[in-house]
1. Here are some conditions: (1) in a loop (DSSP other than H, G, I, E, B); (2) open to solvent by 20 Å² or more (accessible area, probe 1.4 Å); (3) farther than 18 Å from Gly306 by Cβ. Ala364 meets all but one. Which one does it not meet?
2. If a residue must be more than 17 Å from the chain's Cα centre (by Cα), in contact (Cβ under 8 Å) with a residue 24 or more places away in the chain and over 16 Å from Val134 (Cα atoms), how many such residues does the stretch 201-225 contain?
3. Does Asp130 satisfy being modelled with pLDDT of 95 or more and open to solvent by 40 Å² or more (accessible area, probe 1.4 Å)?
4. Read through the list (1) more than 30 Å from the chain's Cα centre (by Cα); (2) under 28 Å from Leu245 (Cα atoms), then give the number of the only condition that Gln437 fails.
5. Please go through the stretch 298-311 and pick out each residue that is out of contact with any Leu (no Cβ under 6 Å at 6 or more places or on another chain) and not in a loop (DSSP other than H, G, I, E, B).
6. From the residues in the stretch 101-124 that are part of a helix (DSSP H, G or I) and open to solvent by less than 20 Å² (accessible area, probe 1.4 Å), which one is farthest from Pro10 (Cα to Cα)?
7. Residue check, Glu86 against (1) surrounded by fewer than 18 Cβ atoms within 10 Å (Cβ to Cβ); (2) in a helix (DSSP H, G or I); (3) touching a residue at least 24 places away in the same chain (Cβ under 8 Å), all met but one. Which one?
8. Taking the conditions exactly as written (closer than 30 Å to Ala438 by Cβ, touching a Ser or Thr at 6+ places or on another chain (Cβ under 6 Å), touching a residue at least 24 places away in the same chain (Cβ under 8 Å) and acidic (Asp, Glu)), does Glu230 satisfy them or not?
Amino acid sequence: MPQQPRDLKPLFEPAAVAVVGASRSQAKVGGLVLSNLLEAGYRGRVYPVNPAAALQGKDIMDLPAVASVAELPDGLDLAVVCLPREQVLAEMRILAAKGVRAAIVLAAGFRETGRLGFEAEMELKRIAQDAGMVLLGPNSLGLISTGCALNASFAIGQPKPGGVAFFSQSGAMCVAVLDWAMSLNMGFSRFVSLGNKALIDESAVLRYLGADPETRVIVGYCESVEDGGEFMAAAAEVSTRKPVLMLKAGSTAAGARAVSAHTGAISGSPAAYRAAFRQSGVLQVDEAEQLFGLAQAFATQPLPAGPGLAILTNSGGPGILAADACARSALTLPRPSTATLSRLTEILPGFASAYNPVDIMGDAGPQRYREALAALLADSQTHAVLVLLTPTALAQAEATARTVIEAANGEENPGKKPVAACFMGREAVRAGRELLQAAGIPCYDFPEAAVEALDALYLHFRRTQKQQPPATSCDGELSRGACDAPWDEEARYIVEAAKTRGLIEISGVEALEAAHAAGLPVLTTGLARTSAEAVRLAEEIGLPVSLHLATPEPGPAAGAWTGGGIGFGGGGAGGGFGGGGDPEALGRFARLRDEAGVRHAFLALTSRAARLRPEAYVTGCLVQAATGLPGQGGFELVAGFTRDPQFGPLLSFGLAGVSSELLGDVSHRLAPLTPEDAREMLREVRFYPLLRGARGGSVVSLAALERLLLSVSRLAQRLPMLVGAEFSPVLAGPDGVFIAGARLTLG
């Protein structure tokens with residue numbers, strides 16, 4: 001992807017602005033943009049460009065009209081182009097020749113409309129790049145920078161200054177969010193509509209906002225990311241300094257189709273986006289309401305120095321809901337200290353509850369709230385406080401809000417601990433809620449949303465405090481620990497040779513050989529085409545061995561004889577491998593301890609295959625080492641990767657078979673993987689307790705599984721001609737981790 005302009009100051013802080021296509025009528029985009037610019041109180045020079053008005057010698061909104069962009073001063077900071085698509089390119093060429101440093105193109109009708117629109121957008125991008133011009137759009141609503149009173153948009157309304165920066169790929173989302181935020185009294189530092197992102201995208205805006213002193217929290221609405229690597233680098237850099245919250249649209253098949261129709265972009269894999277956000281420190285949210293609930297907390301409150309949450313309430317039910325939400329979060333409900341309990345006992349009626357949640361009863365007035373809040377804020381075990389109020393007959397919402405504000409911002413809170421509120425109800429608590437919002441104390445409709453916001457604050461604090469050495473992958477390209485498995489270039493030769501032969505997939509022994517050369521823990525394996533060859537291979541490998549039916553065909557032919565799931569049994573010549581049942585039906589025999597058993601297994605598997613699927617091409621049987629295989633209670637797992645078009649290799653880990661995928665119990669990360677990423681992948685899956693011996697099962701070597709995932713990550717990076725790989729089954733138990741099957745997909 002071409003290098004984007006790094007200096008966005010002409011866009012966000014221009015000394016002068018030209019409105020190309022300005023109009024007296026606010027029913028037109030050019031009139032609305034000019035009106036917004038003037039009403040915001042922009043202090044720089046404004047040039048309205050309108051040939052008709054200039055020829056008539058008329059002003060536009062009391063400003064002298066300019067006849068054409070050719071008459072603008074050279075080196076102007078910003079031009080807002082309010083023209084139809086058909087006129088944009090010609091005017092942009094003149095602006096580029098005049099040395100205009102930044103431009104906002106509002107017109108739609110570019111790549112989102114098809115081939116002609118795409119070609120027009122590519123030409124627009126070329127013009128800007130050749131001139132070194134910053135380009136926002138096309139198909140953009142514009143932008144707002146409250147610090148310099150700049151409203152270069154055609155949105156309705158003027159937001160007040162604040163610490164929240166918002167960017168969105170959707171202009172309509174910008175309009176809705178702006179209206180909603182103003183109703184919540186939320187202020188903005190920057191407000192950006194990215195549009196089609198011909199040149200300036202999320203990554204460039206993130207880097208600018210990360211260095212912007214007026215921005216405390218960055219909030220984004222994202223439909224697609226074109227350069228996943230650059231986005232992750234920018235987000236990882238910025239999120240260590242400021243919280244970055246992101247709402248990702250297009251997370252379903254229907255949503256992805258809508259994204260393509262809206263902007264002409266490919267949405268990409270939801271799992272890849274989740275992994276990218278997580279690995280780069282972005283907090284992904286699922287709903288717009290949740291997005292701005294968290295933004296309010298980050299913009300107004302300090303970070304808690306620990307997980308201890310004190311809940312102060314005038315009714316039991318909301319306190320219980322808050323406690324339940326706390327149990328689902330990283331927060332805790334510490335017991336107040338002895339000194340705090342003594343103070344609360346003096347303050348509260350005898351039938352109140354001084355324990356956490358602290359229930360000060362339905363008749364609590366403002367003074368009782370204030371004294372109890374002061375006591376909790378003074379407790380060293382309290383790191384944040386949630387104040388709940390329900391509109392009982394004796395509750396005084398407005399007066400209580402004032403006391404909460406005074407206590408949170410006054411001497412009662414010397415440690416500047418975060419305070420959030422939840423005034424449940426609507427009309428009865430409206431005045432109190434508005435007071436709290438105006439004073440910078442976020443107030444939520446329900447306890448769960450308030451706890452979620454405080455939890456997000458704590459998680460961000462924990463992330464910023466976490467000291468991590470520089471990350472490295474197995475190749476040492478990054479550097480946080482490395483996979484010490486060997487690497488043999490034979491892996492590359494096998495894959496390249498297969499591609500030369502025109503293959504689109506490598507399976508069986510050849511795939512296992514490539515995996516072994518890449519340093520993965522592969523069971524010694526050979527392909528036997530006859531029973532005599534199976535016996536010979538068993539002697540060479542060393543008894544005991546396992547036999548698997550071998551077929552190069554993916555899909556039903558292979559799947560009919562492949563077992564899966566948890567557990568693989570031991571036994572003699574007929575020992576089942578795959579959780580019980582008829583071993584012939586499962587397409588394999590395990591722990592064959594003598595030549596007779598090997599011969600019988602080969603004949604049984606191949607003859608049954610010929611009876612059940614005479615149309616299938618069976619090449620014989622795979623003979624695999626069984627020494628060191630986990631015994632009863634081990635696991636069959638699957639690990640692998642697919643190559644996402646935006647973010648590159650996406651690794652996955654779960655149980656073998658269909659159960660993990662159907663139940664959604666699969667963890668994902670993007671390569672390059674670090675040891676910490678590998679550890680988190682293992683701990684994310686719901687069956688993780690089983691790997692640690694829950695219910696009397698076998699304890700699997702987590703270190704061996706981590707090394708396996710790191711090796712898969714390295715394989716994906718070193719062999720870019722692979723579009724995917726699946727290692728299944730991965731046999732895991734107390735004695736180690738072994739790959740018994742592999743399939744590599746070529747691009």
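1. For Ala364, the exception is condition (2).
2. Residues that pass the stated criteria total 5.
3. Values: modelled with pLDDT of 95 or more: yes; open to solvent by 40 Å² or more (accessible area, probe 1.4 Å): yes.
Considered against the rule, which asks whether it is modelled with pLDDT of 95 or more and open to solvent by 40 Å² or more (accessible area, probe 1.4 Å), Asp130 comes out as yes.
4. The one condition Gln437 does not meet is (1).
5. Initial filter on the stretch 298-311 (out of contact with any Leu (no Cβ under 6 Å at 6 or more places or on another chain)): 298-302, 305-306, 308.
Once the filter is applied, which keeps residues that are out of contact with any Leu (no Cβ under 6 Å at 6 or more places or on another chain) and not in a loop (DSSP other than H, G, I, E, B), the stretch 298-311 yields Phe298, Ala299, Thr300, Gly308.
6. Initially, the stretch 101-124 is screened for residues part of a helix (DSSP H, G or I), giving 111-113, 115-124.
If we keep only those that are open to solvent by less than 20 Å² (accessible area, probe 1.4 Å) as well, we get 117, 120-121, 124.
Working: Gly117: 27, Ala120: 24, Glu121: 22, Leu124: 19 Å.
Out of the qualifying residues, it is Gly117.
7. Against the list (1) surrounded by fewer than 18 Cβ atoms within 10 Å (Cβ to Cβ); (2) in a helix (DSSP H, G or I); (3) touching a residue at least 24 places away in the same chain (Cβ under 8 Å), Glu86 comes up short only on (3).
8. Details: closer than 30 Å to Ala438 by Cβ: no; touching a Ser or Thr at 6+ places or on another chain (Cβ under 6 Å): yes; touching a residue at least 24 places away in the same chain (Cβ under 8 Å): yes; acidic (Asp, Glu): yes.
No.
The values are calculated or read from the model by the stated rules, or taken from the named source; none is laboratory data. Computed from a predicted model, the values in this text were never measured in an experiment. With ideal geometry, Cβ positions are generated from the backbone for all residues, glycine too; neighbour counts draw on all protein chains shown. Only protein heavy atoms, including side chains, enter the accessible area calculation; ligands, DNA and RNA are left aside. Shrake-Rupley method; radii C 1.70, N 1.55, O 1.52, S 1.80 Å.
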